[in-house]
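A.B. asks: Below you'll find the structure I mean.
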Amino acid sequence: LAVELVCAGHGIDLRAPLAPGPGTGAVLGRIRSGAPGPGADRWLSPELLAVEAMVRERSILDAAVGAVGELD
């Protein structure tokens, strides 16, 4: 899931100036706190581990719920 989130975040960044919706934007902001967007070549394992921890601790879900309310 961390790989999917990081890849999706990079895809959203590359679509600028288009902006994501509130929930997606909140999740992207949370992901960006541990995994910067596209840039120079680098090892991605530290970023993937950071996003994996966010998934495990539910902070990504909390970001989405904080932006759009409870999910069904």
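A.B. asks: Among the residues of segment 30-63, write down those that are over 14 Å from Val6 (Cβ atoms) and either touching a Pro at 6+ places or on another chain (Cβ under 9 Å) or open to solvent by 40 Å² or more (accessible area, probe 1.4 Å) (or both). It would help to see each step written out before you state the result.
C.D. replies: Initial filter on segment 30-63 (over 14 Å from Val6 (Cβ atoms)): 40-41, 56-59, 61-63.
The answer is Ala40, Asp41, Arg56, Glu57, Arg58, Leu61, Asp62.
A.B. asks: Sticking with this structure for a sec: Which pairs turn up if I take residues in segment 1-28 that are at negative phi and assigned to a helix (DSSP H, G or I) and look for partners that are among the charged types (D, E, K, R) and open to solvent by 40 Å² or more (accessible area, probe 1.4 Å) with beta carbon separation below 6 Å, at least 6 apart in sequence or on another chain?
C.D. replies: Close Cβ pairs (under 6 Å, with a partner that is among the charged types (D, E, K, R) and open to solvent by 40 Å² or more (accessible area, probe 1.4 Å)) amount to Ala2/Glu52.
A.B. asks: Give the residues of segment 14-29 that are under 12 Å from the mean Cα position of the chain (by Cα) and either open to solvent by less than 50 Å² (accessible area, probe 1.4 Å) or among the basic types (Lys, Arg) (or both), sorted by residue number.
C.D. replies: Step one: list which residues in segment 14-29 are under 12 Å from the mean Cα position of the chain (by Cα), which gives 20, 23-29.
Gly23, Gly25, Ala26, Val27, Leu28, Gly29 - these are the residues of segment 14-29 that are under 12 Å from the mean Cα position of the chain (by Cα) and either open to solvent by less than 50 Å² (accessible area, probe 1.4 Å) or among the basic types (Lys, Arg) (or both).
The values are calculated or read from the model by the stated rules, or taken from the named source; none is laboratory data. Note that the structure is a prediction, hence the values are computed from the model and not measured. As a convention, Cβ positions derive from the backbone with ideal geometry for all residues, glycine included, and neighbour counts pool all protein chains shown. Heads up: the accessible areas ignore ligands, DNA and RNA and are worked out on the full protein's heavy atoms, side chains in. Shrake-Rupley method; radii C 1.70, N 1.55, O 1.52, S 1.80 Å.
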